[in-house]
């Protein structure tokens, strides 16, 4: 009922009254006979939309879950400037620590689905581009609302995907913070997408009913005929002979989608698949021997100097009482060794063997046997130089203040003299160069 109502309301009745105002010229791309490809039409738009929607759903859902994993209701965890109306939702969703690979899988799916969606998104924009130039530009108030929603949909989708790809490359040519911009633009994108689906679902159903879901894919070039031009503004009125079949076009788009998806999966899965991660950082050395694995921020980049981490360094532990420990003091405590992944928002993951003191043992040392949360402060003086862990993350026996990795002392790039390592925690919250732990009792 809703989609039928919206379709009638926002449909493109050629007899509808044109809104006052200047109209586009009747030449060039504004003329329908300018667009010649016989592939364009309702069926092609529908099949591309059907392929694109599941990828967008996966990407949006995992993006939402990534935000949940940041536990933004805790001090120092939010980098978006606040959660506004969704704050109560995030406050009741606790990110678990039980499955160590949870965040790695989540971000792997997020980046992989996002990359796989890009060729389909561009193909869909190509399929419907004649509608951008349609005349009259605004046929009615309802048509104007639809055009505005499409502008938001196209603009937000290009922004979200472009900034996501640039973030994978650590290439921040824009003069604003990636996380808040990407996060809030995604809400504009999803809202416009929901409106678009509601208004265009009948067109998709009609296209598949009239031509079948896969029947046009059986036609070769000789039998590739244009769709009737009266069915859609995107269908050509003066088509040229086909130079590629719909099967060939959809197959090329699918190959591009699978190829980019494999590139994303390569950096997320790692191991034998790592060479496929062409967009992943490579060609750099991050530390000697066992410390030579990926980092996002080096010690030099974070402004950490040898004086900060030398013999004078002390770890301050606050709870029912305050304790100060040197690195040698920590090394004399009972140690635990765990194989845990680090997974970053950019989609890459790496699993290493970490040795250190369990966080819950340090809590007991400060007189907090049953901590409800743990605030971690780094020597690094930056927005991401602090984080708060929830109860499950603080009390999990695998959660460590790591002193060594792969049998060797941490290198400066990996957080020497001590860093936090917690199962399923976003990489940026596995705080490096720790100087203070504050345990809060339940």
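The values are calculated or read from the model by the stated rules, or taken from the named source; none is laboratory data. Model, not experiment: these values are computed from the prediction. Here the Cβ positions follow ideal geometry from the backbone for every residue, glycine too, while neighbour counts run over all protein chains shown.
General observations
- Across segment 223-258, the qualifying residues are those that are under 27 Å from the mean Cα position of the chain (by Cα) and surrounded by fewer than 15 Cβ atoms within 10 Å (Cβ to Cβ), and the one among them that is nearest to residue 348 (Cα to Cα) is 258.
- Hits in segment 398-411 - residues which are in contact with a strand residue (DSSP E or B) (Cβ under 6 Å, 6 or more places away or on another chain) and either part of a strand (DSSP E or B) or more than 26 Å from residue 306 (Cα to Cα) (or both): 398, 400, 401, 402, 403, 404, 405
- Residue 381 being part of a loop (DSSP other than H, G, I, E, B), closer than 21 Å to residue 322 by Cα and at pLDDT below 95: no
- Considering 343, 339, 399, 372, the condition of being in contact (Cβ under 8 Å) with a residue 12 or more places away in the chain, loosely packed, with under 15 Cβ neighbours inside 10 Å, under 30 Å from residue 64 (Cβ atoms) and in contact with a helix residue (DSSP H, G or I) (Cβ under 6 Å, 6 or more places away or on another chain) is satisfied by 372 alone.
- The one condition in (1) buried (at least 22 other Cβ atoms within 10 Å of the Cβ); (2) farther than 17 Å from residue 100 by Cα that residue 382 fails to fulfil: (1)
- In summary, residue 78 fulfils each of the numbered conditions (1) over 22 Å from residue 155 (Cα atoms); (2) more than 17 Å from the chain's Cα centre (by Cα) with the single exception of condition (2).
- Flag if residue 419 is closer than 30 Å to residue 264 by Cβ, touching a strand residue (DSSP E or B) at 6+ places or on another chain (Cβ under 7 Å), modelled with pLDDT of 95 or more and surrounded by fewer than 22 Cβ atoms within 10 Å (Cβ to Cβ): no
- Residue 420 falls short on exactly one of the conditions (1) outside any strand (DSSP E or B); (2) within 23 Å of residue 319 (Cβ to Cβ), and that condition is (1).
- Out of 197, 188, sole residue that is surrounded by fewer than 18 Cβ atoms within 10 Å (Cβ to Cβ), more than 20 Å from the chain's Cα centre (by Cα) and under 30 Å from residue 42 (Cα atoms): 197
- Options 63, 81, 21: the member that is modelled with pLDDT under 75, assigned by TED's automatic domain parsing to the domain that holds residue 229 and within 30 Å of residue 425 (Cβ to Cβ): 81
- Any chance residue 142 is assigned by TED's automatic domain parsing to the domain that holds residue 188, touching a helix residue (DSSP H, G or I) at 6+ places or on another chain (Cβ under 6 Å), surrounded by fewer than 19 Cβ atoms within 10 Å (Cβ to Cβ) and assigned to a helix (DSSP H, G or I): yes
- Identity of the residue in segment 69-107, in contact with a strand residue (DSSP E or B) (Cβ under 7 Å, 6 or more places away or on another chain) and not in a loop (DSSP other than H, G, I, E, B), that ends up nearest to residue 47 (Cα to Cα): 107
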